[in-house]
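The values are calculated or read from the model by the stated rules, or taken from the named source; none is laboratory data. Just so it is clear, the structure is predicted and the values come from calculations on it, not from any experiment. So basically every Cβ, Gly included, is an ideal-geometry build from the backbone, and we count neighbours across all protein chains shown. Note: accessible area is taken over every heavy atom of the protein model, side chains too, but ligands, DNA and RNA are not part of it. Shrake-Rupley method; radii C 1.70, N 1.55, O 1.52, S 1.80 Å.
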Amino acid sequence: MKKNNFPARLTRSRLKIIVSVCCFCLSFFFTLTFGLPAFSSAPSTPAVSEDTLHHQLIQARDLQTLGYYRRALLTLTDLNPAIAEHPDSELKVSGLTLLGDLQRTVGDLNAAQTTLENGLDVASALNLAEPTATLHLSLGHTLEAQGDSAAALTHYTTAATLTTTPHLQLRSHLSHLRLQPTNTALYPKIQTLLTTLPADRTTLNARVDFAQLQLANPTVEPATIAQSLAIAIQQAKTLSDPRAQSYALGTLGKLYQKQQQFPDAQSAFQRALTVATDIDAPDIAYRWQWRLAQLFHQQNETDKALTYYENSVENLKLLRGNLIAIAPDLRFNFREQVEPVYREWVDLLLSQSATEEKLAKSRDAIESLQLAELENYLQEPCVPLSQKIDQIIENTASPTAVLYPIILPDRLEIILKLPNQALTQYTVPVSQTDLETQLAQFQKDLRLPFTLNAVKTEAAQLYDWLIRPAEAELNSHNIDTLVFVLDGFLRNIPMAALYDGQHYLIENYSLALAPGLQLVDPQPLQNNELATVIAGLSEPRHGFAELPFVKAEVDQIQQNTPSRVLLNEAFTQTNLTELINNTPFPLVHLATHGQFSADPNDTFILAWDKPIPVGELNQLLRQSEQTRQSAIELLILSACETAAGDRRAALGLAGVAVQAGARSTLASLWNLDDETGALFSNHFYEALQTPNLSKAQALRNAQLKFITDGANPIYQHPRYWAPYVLLGNWL
C-alpha cells in the first residue's frame, strides 16, 4: 500500500494533524485488541463547550483535508450527540455540513441526506445565507450520487442564487453544467467568474473541470477549449500544482483525440503521464495510460495498446481498496472510470490468438475487476485469500472444472480450466444486450409459478451459450463438479437451472460459485464433527412478515446436529456476537429475513432488535476469528434474497461471503416461502451427515430431493430448488 509522503519541514498545524492521526490509530488499535466499543450511541463524555466543539471540528476537517475520510467520519460520529444537543448556531451548521459531506464521501448516502437536510433546516431558520447555499450544494451532490438529477439541479440552482461568494457560485454552476452540459446559458457566467477570480488552485481546478465539460458539448469550438487549457497549464506551473497540470494536459489530449489529431493527442497524454508518474500519482497515471491504450488501439498498434492497458490495470491494482482515500469521485463513477479499463483490455486480449499467457492475463484481469468491484462496494479491502483455485482442482479427489464466462459488448467469452490441462477459450457470438435481455427474462420467470415451459426454453438457450461449447471436454475428463467464476448479470442467475434438453445442470454436476480465483484456506468438511450456531426470527419485526416455519427449521437442525439457538427476542446483534465468539461450532445458520442489494445500505440481515447491515455483519463474523479456535466452515443464510430487478444485487451476497471469513457461504438468490426453506434445510443437513460428501455434493443431493419428489411434482419447478447457491470452498 502506498504511503503518504509528508514534506521534510512540518508546519505546527500539520504536526498537530499528524499527532491527532497517530492518537486516533492508537485508540483504534486498543479498540480492536481489547474489544472496547468503537462506537457509542450516546455521548461518552459530558456536553462539550463551544470552544471544544469548534476545536474538534477543525481536527475532523484537517483529517478530511489529508484524505483520512473514515477517520474524520469516526471523529464526527463520536461528536454527533454533542452536535445534535448543541444550540442552533453557525457552529452546529458547520458540524452537520462536514458530517454530511463525509457520509456522502464514504457512500452512506441516506445518512448524508438526512444530516444535510437537518443542517439546512437550522441554517435556514437562522437566516445564514452562505451556509445555507453551501448545504444546498452538498445536498445536490448527494442527490446526484443517488441518481436524482432533477432534485440535484434544483439545489445547485438555489445554491448559486443564494450565495454571493464567487467560488461557491462557480462550484454551483459547474455542478449544474455537469448534469446539463449543453446548457449554454451557464457558459458566460462560468467564463466571467474564471476571468475575474484570482488564479488560485480552486479557480485552476474549476477551469480544468469546465474544459472537460465543454468537451461534451459539440457546439463549443475546440480552439476555445484549447485556449482555456493552455491558460490552465501555465497557471498550474506557476502555482506548482502538478496534479492540476497533469489533468489539464490529459484533458488537452482528449480534445486532440476527439479531433482525431492522434500525434498531438499522444504527445499530450505522454506529457500528462510523465507529470503524474513524477509525483507518484497512480490515481491520475492510470487514466492517461488508459487513454494511450485506446489511442494506439484506434491506430491498430495492438502491442502498444496491450502494454498501456496492462500498465493502467497495474496502477488500479495499487489503488484497489484505497480509491476513496485518493479519488472519492471514483466511489460513484466506478462503472464509468474503472470497470471499462479492465473490460477493454480483456476484449483486446481475447480478440487475438488465444495463447496461454493471454488467457491467463484475461482471467486474472476479470478477477481483479471483481475484487475491485467488491472493495468499491464494501469501501474496505477484501479479506486476503490464500489458495488458488487451480491448485485446488489439481489436488482434489473429485474431478473438478472451473468456468470463467466473460461478458463483452459483442460476444460471450468462456475460459475453461480442467485438471492438469492448459486454459481453453470458447467464443459465443451473442451480444451483451441480447444476453442480458435473456438473463433478465430468465430471472423473472424463475421466480413465478406456471412458467415451467418458458423456464426450460430459456434455460436451454443459456445452456447452449454457457455449457454446450465445453460439454465434450467436460465429458472426456469425467468432470463431476463445476465451479463458476461469474461475471456481471450472470451472478444473479442460478447455474443449477440451466437445461440441456433432458436434464438440469444440477442433475449432472455438483455446483459452486467462487468470488475470485482464490479461496480462504479450503478444507473438506468433517462430517462427523458438525455442530451449529443458529439464530432465527419467526415473528414479524421491523415491517417484515412472520416466518412461521422458522421454528420447524430450527427444530430440524437441532435434530440433525448439536446446536446453540437464539430464537426471536433472544436473537439480538449483541447475543449473536457473543454466541459466535464463544461457541467454536463450524456451522452458523441464520434463518431470518435478509436482502442482498447493489447498495450496501440495503444489504442486511434482520435481527430482533434491528436490521444488521452488511458492514456490521462482517465485523461481527470477523471478530470471532480472535476468540474462536477454528474458522466458520459454513455460513448459511436462510430466507434471504437478492433484490429483484437489481442488476448488481449479487454484489451484496458476494460481499457478505468474501468478508465473513467463513470458508463457504450457502445462501438463496430469492426467498420463495419459509416452508420450502425449512424443507430444503432439512434435506441439506441430512446430506451433510453423509461421510466423505463435499458441501457441493450435499447441496446437489438436497436439490435433487426436490426434483425427484414424486409425491409433490410441483417441486420440480426450479423456483423451489434453484435459488440455493454455494459460494467459496466447495470441498
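Summary of computed values
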| read-out | value |
| --- | --- |
| Alpha carbon convex hull of region 656-730, volume per residue in cubic angstrom | 90 Å³ |
| Surface share of carbon and sulfur [accessible, 1.4 angstrom probe, percent] for the chain | 50 percent |
| Coarse-grained scattering of region 77-186 at q = 0.15 Å⁻¹, given as base-10 log I(q)/I(0) from a Debye sum over alpha-carbon atoms | -0.59 |
| Qualifying lysines (Cα of each under 26 Å from Cα of residue 304; at least 8 residues distant if same chain) | 254, 258, 317, 358, 361 |
| Volume per residue that the Cα convex hull of region 687-731 spans, once the total is divided by residue count, Å³ | 61 Å³ |
| Around residue 708: net Lys/Arg minus Asp/Glu count, Cβ-Cβ under 14 Å | 0 |
| Exposed chymotrypsin sites (Phe, Trp or Tyr not before Pro) absent - longest run of the chain, DSSP non-H/G/I/E/B, at most 15 other C-beta within 10 Å | 40-449 |
| Shape metrics for the chain, restricted to C-alpha atoms - Rg then Dmax, Å | 27.7, 82 |
| Backbone N under 14 Å from the residue 124 label point (7 Å along Cα→Cβ), restricted to region 153-196 | 154-156, 158-159, 162 |
| 15 Å beta-carbon shell around residue 204, net charge (K/R +1, D/E -1) | +2 |
| Histogram of C-alpha separations across region 219-366, 5 Å bin width, % | 2, 10, 18, 20, 20, 16, 10, 3, 2, 1 |
| Rough spin-label spacing in nm, given labels placed 7 Å along Cα→Cβ, for residue 410 and residue 262 | 1.7 nm |
| Tilt relative to the chain, helix 432-446 - C-alpha long axis, 0 to 90 degrees, to 10 | 50 degrees |
| Length added when fully stretched, residue 564-residue 427, from 0.36 nm per residue minus Cα-Cα | 44.3 nm |
| Beta bridge orientation in the chain: antiparallel %, DSSP, nearest 5 | 45 percent |
| Cα gyration tensor shape of region 173-265, rounded if a/c is under 1.5, else prolate or oblate by comparing a/b with b/c | oblate |
| Residue-normalised accessible area of the chain, given per residue in Å² at a 1.4 Å probe | 42 Å² |
| Expected-Rg normalisation [2.2 N^0.38 Å, Cα atoms] applied to region 384-527 | 1.07 |
| Local electrostatic count, residue 142, Cβ distance below 11 Å [Lys/Arg +1, Asp/Glu -1] | -4 |
| Residue-span extension gain [residue 716 to residue 335] - 0.36 nm each, minus C-alpha spacing | 133.3 nm |
| Cα-based Rg / Dmax (Å) for region 371-466 | 17.2, 45 |
| Candidate aspartates and glutamates - alpha carbon under 13 Å from residue 705, same-chain residues fewer than 8 apart omitted | 507, 686 |
| Rounded tilt (10° steps) of 109-125 against the dominant C-alpha axis of the chain | 40 degrees |
| Added length on full extension, which subtracts the Cα-Cα distance from 0.36 nm per residue, residue 609 to residue 391 | 74.1 nm |
| Shape of region 574-731, Cα gyration tensor, a/c cut at 1.5 | oblate |
| Label zone at residue 539, where the point sits 7 Å out along the Cα-to-Cβ direction: region 589-608 residues whose backbone N lies under 19 Å | 591-594, 606-608 |
| Nearest-0.05 FRET efficiency for residue 278 and residue 196, computed from C-beta distance (R0 30 Å) | 0.40 |
| Calculated SAXS-style log₁₀ I(q)/I(0) at q = 0.25, 0.27 Å⁻¹ - region 532-601, Debye, Cα scatterers | -1.15, -1.23 |
